[in-house]
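Step one of this worksheet: look at the structure below.
The values are calculated or read from the model by the stated rules, or taken from the named source; none is laboratory data. Here the structure is a predicted model, which is why all the values come from computation and not from measurement. All Cβ positions, glycine included, derive from the backbone under ideal geometry; neighbour counts span all protein chains shown. Areas reflect the complete protein model, heavy atoms only, side chains present, ligands, DNA and RNA absent. Shrake-Rupley method; radii C 1.70, N 1.55, O 1.52, S 1.80 Å.
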Amino acid sequence: MTTMGDRTVNISHRRAGGAALAAALTAVTATAAALAGPARADDGPVLHLSGAASVGLSLPPDDGGRLDWDLDTQGGTVHDLHVTVDLTGVAGFAASPDGNCSADLCAWDRGEADADGADGVLDLRAAPDAAPGSTGTAVVTATAADATISGYTVQVTVGGAESGGSVGLVVGGSPATVAGAVPGSTISAPLTIADNGSLASTATDWTFAVSPGLSFAQKFANCDYSTGTGPADDSAGRTVELATCHFTTPVAPGRRYALSTPLKLKVGRSALFEFLSYQAVSTSSDTPAPTTGASGTRLGLVADGSAPAGGRTHAEWVVNAANTADLAVTGATVTAAPGGTAALTATVTNHGPASVAPLTRDDRLSLLVDIPKGTTATTVPAGCGRWAGGGSGGEPVPGASQYLCALDQPFDSGHSEKVSFTVTVDADAPATTTGDVRPLLADGGLPAYDTDASDSTGRFTVDVSAPAATAVGTTARTGGSSAAGRTPAAPSSAAPTPPDGSGGGSSSGGPGSLASTGGKGSALLAWLGAAALAFGGAAFALSRVRRGRTAGA
């Protein structure tokens, strides 16, 4: 600290840490250039002041804005060094709290500067009511008794990234779950965006992704529309619809904004368990006009109060449709001799109208198979595990009395899948023996969206034709859920359990075991990852979504 007249001056001998910031400006105003021109001495070297060419100021105001200057004396010594910073060009939105400033002029009397040179730091603050994006020029000049010194200009911007602050976009506005959406109807998502950071987002991209049962009911001129394909795991390569909308309205720190028009979604005929996922990211510059958006109406942002105290960078809106899926199961009737083998094949078909794709839940559609008494399962399909009740199936080992088999996911309307076992007929098998085959969820519950129970249970039937000594093979007859004149049994209200308690209930997930369903919403994460890839860097940084919902809601 030194005294200049009767004014106290704060002097920093730190080297400017901001010299590595943004590149120098390519043009300055004529006034700034004149002010920054060299102050000439009669003789001596020509020296140069230097420092960061730009300074960003945070909102709300903090101490992050600094103007750094540095003088290299080229190994010599200069005398009567006087440095000034003229803030007239930024006076409308910024000021310095330092004691070496009077009005809009800040000054340093440094006396002698030796071979180490000289430097200084000036703190700058944005005015509390400064508008994001406000910008102007500060001018740094210097004189010395025995040197000519050239100055420079600094661009000062409210909300500039150089402030060391950050944009903190959070999204919200919609309920976590919409229940009972009617296929064919249109629902509205009144979404919001806010900035919890210290810097403004001068341009923003907001990306939306919808599952196959939903679609965008309205398209806007400032949005790009596309489709992406999910990975095979859990989504079987299904197509997700994407929209990225570009906004140039600044999103100011501490403020919240709503969409000028609520996002409207059409609920499709096949909708059942659906989602809308959305995330906004700040862009460094205005985004070029999209080429695939619709003409006419543009989606905008309108002020909507103060930013919330917290929030998430992305969010999911779960949509449960009031819809049904008719799951029909047919079995088979075969003839086999004691000691012989028989192939038993069940067929499961979704007659719709809903597609079963539990993208936001854990209850994967499965098939519960009762092995007919008096027979032993010797070949078990991949994805089928021995069932002991109360959770996913265990290992696909032979000899169990019940198996739980994972079905394709998604299980679209119109889709069919076959599940085949090979059994050996025991020597003491009864003349006719049967086992039911029926849909079951991986957690042991019944699929409530299947409201037509008349075709939901198929039957494996084995007619034992002759003693083992004369057995020459087997003959298969196609049979449905009412094979051999029998009416299929309706599924019970509780999850079945094996009568003999056999099976260890293992869920180790080894080769051939029932595929793990993962956490709630695990498939949703796969969809969002695909959406991020489809937009080449649109940030979809997602966490696992765990939602507990009532099946068929």
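Quick look at the numbers
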| read-out | value |
| --- | --- |
| Leading residue by the ranking (farthest from residue 358 (Cα to Cα)) among those in the stretch 304-323 that are open to solvent by less than 50 Å² (accessible area, probe 1.4 Å) and not in a strand (DSSP E or B) | 307 |
| Output for the stretch 398-416, where each listed residue is under 20 Å from residue 272 (Cβ atoms), open to solvent by 40 Å² or more (accessible area, probe 1.4 Å) and of a type outside the set (Gly, Ala, Ser) | 408, 412, 415 |
| Cβ-Cβ under 8 Å pairs, at least 6 apart or on other chains, the stretch 186-215 side under 18 Å from residue 273 (Cβ atoms), far side open to solvent by less than 30 Å² (accessible area, probe 1.4 Å) and charged (D, E, K, R) | 210/274; 211/274; 212/274; 213/274; 214/274 |
| All strands (runs of 3 or more DSSP E) inside the stretch 1-118 with 1 or more residues being at pLDDT below 85 and either open to solvent by less than 70 Å² (accessible area, probe 1.4 Å) or among the β-branched types (Val, Ile, Thr) (or both) | 2-4, 7-9, 54-57, 65-71 |
| Test result for residue 349, at pLDDT 95 or above, in a strand (DSSP E or B) and in contact with a His (Cβ under 9 Å, 6 or more places away or on another chain) | yes |
| Qualifying position, being open to solvent by 20 Å² or more (accessible area, probe 1.4 Å) and in contact with a helix residue (DSSP H, G or I) (Cβ under 9 Å, 6 or more places away or on another chain), among 215, 185, 174, 198 | 198 |
| Selection from the stretch 294-303 of residues that are open to solvent by less than 60 Å² (accessible area, probe 1.4 Å) and hydrophobic (A, V, I, L, M, F, W, C) | 294, 299, 301 |
| Any hit, the stretch 347-364, residues being surrounded by fewer than 24 Cβ atoms within 10 Å (Cβ to Cβ) and closer than 26 Å to residue 465 by Cα | yes |
| Verdict on residue 192 being within 15 Å of residue 259 (Cα to Cα), surrounded by fewer than 23 Cβ atoms within 10 Å (Cβ to Cβ) and β-branched (Val, Ile, Thr) | yes |
| Meets criteria (within 40 Å of the chain's Cα centre (by Cα) and aliphatic (A, V, I, L, M)) for residue 115 | no |
| Of the criteria (1) out of contact with any Gly (no Cβ under 7 Å at 6 or more places or on another chain); (2) open to solvent by less than 60 Å² (accessible area, probe 1.4 Å), which one residue 270 fails | (1) |
| Residue count, the stretch 122-164 (criterion: at pLDDT below 80, surrounded by fewer than 23 Cβ atoms within 10 Å (Cβ to Cβ) and touching a Pro at 6+ places or on another chain (Cβ under 9 Å)) | 3 |
| Single residue of the stretch 225-258 satisfying the filter (touching a helix residue (DSSP H, G or I) at 6+ places or on another chain (Cβ under 7 Å) and assigned to a loop (DSSP other than H, G, I, E, B)) that is modelled with the highest pLDDT | 230 |
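Residue-by-condition table, conditions (1) crowded, with 21+ Cβ neighbours inside 10 Å; (2) in contact (Cβ under 8 Å) with a residue 12 or more places away in the chain; (3) not in a strand (DSSP E or B):
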| position | (1), (2), (3) |
| --- | --- |
| 369 | yes, yes, no |
| 372 | yes, yes, yes |
| 396 | yes, yes, yes |
| 418 | no, yes, no |
| 423 | yes, yes, no |
| 427 | no, yes, yes |
| 433 | no, yes, no |
| 443 | no, yes, yes |
